[in-house]
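The structure under discussion appears below in the form of structure tokens.
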Amino acid sequence: MTRIAVLTGGGDAPGLNAVIRAVTRAGILTHGWEVWGVRDGYDGFLKPGGVFRLHLEDVEHILGQGGTILGTANRGNPFARKVVRNGKEVIEDVSDEVVARIRALGFDAVIVAGGDGTLGVARDLAHKGVPIVGVPKTIDNDVWGTDATFGFDTAVSCAAHALDRLHTTAEAHHRVMVVELMGREAGFLTLYGGLSGGADIILIPEIPFRYEVLCETIQARVRCGHKSSIVAVAEGAKPEGGHEIIARPGDAIAVPRLGGIGQVVGKYLEEECGAETRVTVLGHLQRGGSPSAFDRWLATTLAGEAVRLVAAGAFGRVAVLRNMQVTSIPLDEVAAHVRRVDPECDAIRTARETGICFGDRLPPAPCPQKA
Ligand code: F6P
């Protein structure tokens with residue numbers, strides 16, 4: 001009898017429960033394995049009661065649920081964990097303890113659903129001999145080697161629907177609406193959300209912007225009779241020669257938290273450009289809620305591949321989507337790269353051709369052509 005563990009790590013993303021469900025069902029129904037859940041990411045291996053048996057009935061009706069029934073942690077890196085020693089908080093590498101616990105608990109394999117941070121830890125545990133397989137998730141879509149991560153499609157829909165709502169109120173009041181979207185250093189969510197929601201200006205980390213271009217674009221729109229403008233700005237966007245805005249600095253166990261560029265852009269447009277402006281920060285609304293049908297499918301399909309990898313003993317790999325087919329690539333490869341928007345990609349070319357401004361140069365004149 002094979003005994004496998006499944007865990008979810010890093011920020012949650014819609015579709016995690018679909019992974020847990022698919023792993024549990026395929027593990028039990030097709031392979032006759034014991035499937036165990038690990039609570040709160042890698043931390044669960046170290047906590048009393050941190051692992052528990054998953055049965056088919058535990059995963060009934062969770063396919064469409066957001067979040068994760070296992071819990072997650074984005075400060076749960078066992079190679080740099082905050083622990084209390086002699087009454088003092090210190091950062092320690094407790095990875096050997098995790099490896100020992102995985103062995104002591106009798107797990108023959110671990111399936112990990114996570115983003116770049118969680119998959120990086122999986123790679124390092126694989127190097128220590130842990131039989132581990134990854135499933136890529138994140139609303140940021142920034143995991144290298146896969147065409148898409150689950151969670152992204154749901155977050156893009158959330159962004160697009162938010163922009164739809166902002167259009168109507170912006171138009172009514174003749175305002176500029178700035179909306180700040182998540183994504184860390186990657187602009188996928190803002191690019192796809194902005195395109196799907198009809199943004200007039202899209203600012204992403206991969207294309208540094210100039211404030212004067214934003215102002216000129218908005219003023220040109222007003223001259224052409226447009227009553228409102230929508231600016232979609234990624235939390236990691238930055239001006240040419242400038243830096244991203246850090247809401248909270250990182251430390252030994254956490255990456256810096258980005259946020260605030262929406263307010264900065266909004267203040268500039270109102271105070272320097274004379275445009276009545278309001279700012280909306282979508283924040284964690286983008287991560288919550290029920291996964292889209294695409295994300296349920298993607299999460300389930302990737303999880304199916306992960307289970308097949310375990311069954312074949314092909315450890316140290318990540319299930320990925322390539323040209324709408326699932327396959328797998330080494331964890332080493334995924335963890336060694338980052339994925340960012342290519343400023344020359346089709347989506348950006350089309351956006352520019354349809355008059356969207358990326359803040360680096362003026363778009364074609366936005367005046368309506370009447371016959
Ligand atoms: O990586 C996913 C993500 O939602 C980013 O887009 C965002 O910057 C970050 O997580 C927010 O993390 P937290 O949950 O710590 O606020």
**Message:** So in segment 321-331, with the set limited to residues that are surrounded by 14 or more Cβ atoms within 10 Å (Cβ to Cβ) and not polar (S, T, N, Q), which one is nearest to residue 307 (Cα to Cα)?
**Reply:** 326
**Item:** Matching option when the condition is in contact (Cβ under 8 Å) with a residue 60 or more places away in the chain, under 25 Å from residue 294 (Cα atoms) and touching an Asp or Glu at 6+ places or on another chain (Cβ under 8 Å), among 9, 41, 66
**Value:** 66
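Suppose the filter is away from the ligand (no atom under 12 Å from the Cβ) and in a helix (DSSP H, G or I); does residue 147 pass it?
The answer is no for residue 147.
Please pick out the residue among 146, 72, 118, 138 that is open to solvent by 30 Å² or more (accessible area, probe 1.4 Å) and β-branched (Val, Ile, Thr).
72
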**Message:** Filter segment 276-299 down to the residues that are farther than 28 Å from residue 214 by Cβ and buried (at least 21 other Cβ atoms within 10 Å of the Cβ) and list them by number.
**Reply:** 291, 292, 295, 296, 298, 299
**Request:** Select, from 209, 188, the only residue that is over 18 Å from the mean Cα position of the chain (by Cα) and surrounded by 14 or more Cβ atoms within 10 Å (Cβ to Cβ).
**Result:** 209
**Fill in**
Counting only residues that are within 11 Å of the ligand (Cβ to nearest atom) and surrounded by fewer than 17 Cβ atoms within 10 Å (Cβ to Cβ), segment 251-275 contains a total of 4
**Complete:** In segment 332-346, anything surrounded by 13 or more Cβ atoms within 10 Å (Cβ to Cβ) and not in a loop (DSSP other than H, G, I, E, B) is listed as 332, 333, 334, 335
**Message:** Suppose we keep only residues that are part of a loop (DSSP other than H, G, I, E, B) and surrounded by fewer than 23 Cβ atoms within 10 Å (Cβ to Cβ) within segment 172-183. Which one would you say is farthest from the ligand (Cβ to nearest atom)?
**Reply:** 174
**Request:** Could you run through segment 347-357 and say how many residues are in a loop (DSSP other than H, G, I, E, B) and open to solvent by less than 80 Å² (accessible area, probe 1.4 Å)?
**Result:** 2
**Message:** So for segment 81-97 (the condition being within 16 Å of the ligand (Cβ to nearest atom), open to solvent by 20 Å² or more (accessible area, probe 1.4 Å) and over 28 Å from residue 189 (Cβ atoms)), does at least one residue qualify?
**Reply:** yes
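The values are calculated or read from the model by the stated rules, or taken from the named source; none is laboratory data. In this text the structure is predicted, and so the values were computed from the model without any measurement. Reconstructed Cβ throughout: ideal geometry from the backbone, glycine too, with neighbour counts over all protein chains shown. Ligands, DNA and RNA are stripped out before the accessible areas are found, and what is left, the full protein with its side chains, is counted by its heavy atoms. Shrake-Rupley method; radii C 1.70, N 1.55, O 1.52, S 1.80 Å.
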